[in-house]
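One structure is given below, encoded as structure tokens.
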Amino acid sequence: MDRPRVTIFDTTLRDGEQSPGCSMNVQEKLRLAHQLDRLGVDVIEAGFPIASDGDFEAVQGISAAVRRPIIAGLARACTGDVDRAWQALQGAAHPRIHVFLATSDIHLKYKLRITREQCLEQARDAVRHAKSLCADVEFSPEDATRTDVAFLCQVVEAVIAAGATTVNIPDTVGYSMPEEYGQLIRTLREKVAGIDKVTISTHCHNDLGLAVANSLAGVQQGARQVECTINGIGERAGNAALEEIVMAMRVRPDRYAYEAGVASEHLFASSQILAEITRVPVQPNKAITGRNAFAHEAGIHQDGMLKNPLTYEIMTPQSVGVPDSRLVLGKHSGRHALALRCEQLGHQFERRELDEVYRRFVVLADRIKKVQDSHLLELIQDVVKGNASNSDAPSSESKKFPPAAVALPLPRSAVAAAGANANESHPAQVSAGAGQAQAQPGPAPTNWFGGGVPAPIADHHGDQEDYLWGV
Ligand SMILES: [Zn+2]
């Protein structure tokens, strides 16, 4: 078990949140940050403090509330940004300032209008300033994969000398190919003085569908941090998907013998919570967390699955936290079983809140015998709505779930229970007998595919167009 450890740097709350339709308010970011903590990520990039007051407050709030992981704040390479990031990170147990500056000629010429010499100087100065405030400093040469390699080496060497402890190599525009990206990491390791003292990081975008492949190629060539997001959300086609990176390493240790400190059984709930908060549904065929990721429809596949799941299954649904539908909830189920299922569906309740959910659950179970996930989600929704509309005494729950956030994505078991094709149910249901899936006339799962789901109301980046570029 002496496999090299890869740091999982989650940027769902920064790069992910910058993508259209994915903005989150401070309460929502806090809720997701707590889930990322449970999931076990090493670094949470909580925001871009100078971009807006909302971003500042989110970084500040997460720094105060989430104590185990490193909390990173993004800053452009200038004093004002770095100072603002540091201010937001004041309360963090493990703060990190993440400085970025574009280095490709096309960005220098058309966006920043500076020369390579000025770029080098600015990067060095900003890192030096950040280092005077914070021991943990990351630097990202934006658009690194389209930067002249010799110049990139020069910049990386300069920021290491100035005190950077992590050097991130962003494929900002999703242009790189796996061998090419791996080669770039190898070149940096061969040519840059001092590189062995710092952590090399990957940050890949998915414009050609290669973000995960590129990240893994980087890891194979010596990168020891991967920047990624839940459900792969992010600018344009998104970032490398956290769940895919983690499970690729877990399912194929023969090829990727690296360790990540992520509790994979929390992946599904993390995905569900993000989809619920942003109201951006997970694509059905999304690897690991999509509704169909563990569904076996073809007859020959079902036959194989029933004989031995290994025929078609490279990992179990349980290993990524997909609820086990064989565990049927009924009126004899205890509070603990109910709390566990709620958690698997992405809802953690305080005792008082759970009491209310449990009270309604018992009434319902008495009436319909078997409570499916779809029923439970409906019930949770009612409790949440009830609390949210009670303006006299706003509960902590109403803060966690603002009134607008009533669209709940349903897990596959709920869809099956609601009368969809029973063949679409996942293996656990197949082996439990297809008859189980035709059960109750549950509520229609209209929100799984996002049909009619309202767009988020406010985008706090709306008037901050300049900040929409990152790394
Ligand atoms: Zn990015």
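Throughout, read-outs are computed from the coordinates displayed, never taken from laboratory work. Everything numeric in this text was worked out from a predicted model, so none of it was measured. Note that each Cβ is placed from the backbone with ideal geometry, even for glycine, and that neighbours are counted across all protein chains shown.
Please list, by residue number, every one of the trypsin sites (Lys or Arg not before Pro) in region 192-268 that is coil in DSSP and has at most 16 other beta-carbon atoms within 10 Å.
Of the trypsin sites (Lys or Arg not before Pro), the ones in loops of region 192-268 whose Cβ has at most 16 other Cβ atoms within 10 Å are ARG236, ARG255.
What would the Debye equation give as log₁₀ I(q)/I(0) for region 173-264 at q = 0.17 Å⁻¹, counting only Cα atoms as equal point scatterers?
Rounded to two decimals, the profile gives -0.69.
Where the only charges are on Cβ atoms (+1 Lys, Arg; -1 Asp, Glu), what is the dipole of region 1-130 about its Cα centre, to the nearest 20 debye?
With only Lys, Arg, Asp and Glu charged at Cβ, the dipole is about 220 debye.
Which aspartates and glutamates, on any chain, are close to LYS286 with Cα under 13 Å apart, when same-chain ones fewer than 8 places away are left out?
By straight Cα distance, LYS286 reaches GLU243, GLU244.
Taking the Cα centre of region 67-161 as the origin and placing charges on Cβ (Lys, Arg +1; Asp, Glu -1), which of GLN90, ALA135, LEU108 is farthest toward the positive end of the dipole?
GLN90
Please report, in whole Å, how far the alpha carbons of region 317-388 spread along each principal axis, starting with the longest.
Sorted largest first, the three principal extents are 33, 25, 19 Å.
For a test of the definition: using alpha carbon positions, the gyration tensor, and the 1.5 limit on a/c, classify region 109-151 as rounded, prolate or oblate.
Prolate.
Taking 0.36 nm per intervening residue step and subtracting the Cα-Cα distance, what contour gain separates THR311 from THR187 on full extension?
40.5 nm
Dipole size in debye (nearest 20) for region 210-364 around its Cα centre, Lys and Arg Cβ +1, Asp and Glu Cβ -1?
With Lys and Arg at +1 and Asp and Glu at -1, about 300 debye.
With a/c under 1.5 counting as rounded, go ahead and sort region 201-317 into rounded, prolate or oblate using the C-alpha gyration tensor (a ≥ b ≥ c being the square roots of the eigenvalues; past the cut-off, prolate if a/b is larger than b/c, else oblate).
It is oblate, given that a/c is not under 1.5 and a/b is not larger than b/c.
Can you give the local net charge around VAL43? Use residues other than it whose beta-carbon is closer than 14 angstrom to its beta-carbon, Lys and Arg +1, Asp and Glu -1.
-2
Which lysines, on any chain, are close to LYS111 with Cα under 29 Å apart, when same-chain ones fewer than 8 places away are left out?
List returned: LYS131, LYS191.
With +1 on the Cβ of every Lys and Arg and -1 on the Cβ of every Asp and Glu, and nothing else charged, how large is the dipole of region 77-157 about its Cα centre, in debye rounded to the nearest 20?
Its charge dipole is roughly 140 debye.
Report the paramagnetic label zone for ARG38: residues of region 350-365 whose backbone N is under 18 Å from a point 7 Å from Cα along the Cα-to-Cβ axis.
Under 18 Å, as judged by backbone N against the label point of ARG38, lie 350-358 of region 350-365.
Straight-line reach from LYS369: which lysines have a Cα under 29 Å away, not including same-chain ones fewer than 8 places off?
Within the straight-line limit of under 29 Å, LYS369 reaches these lysines: LYS331, LYS385.
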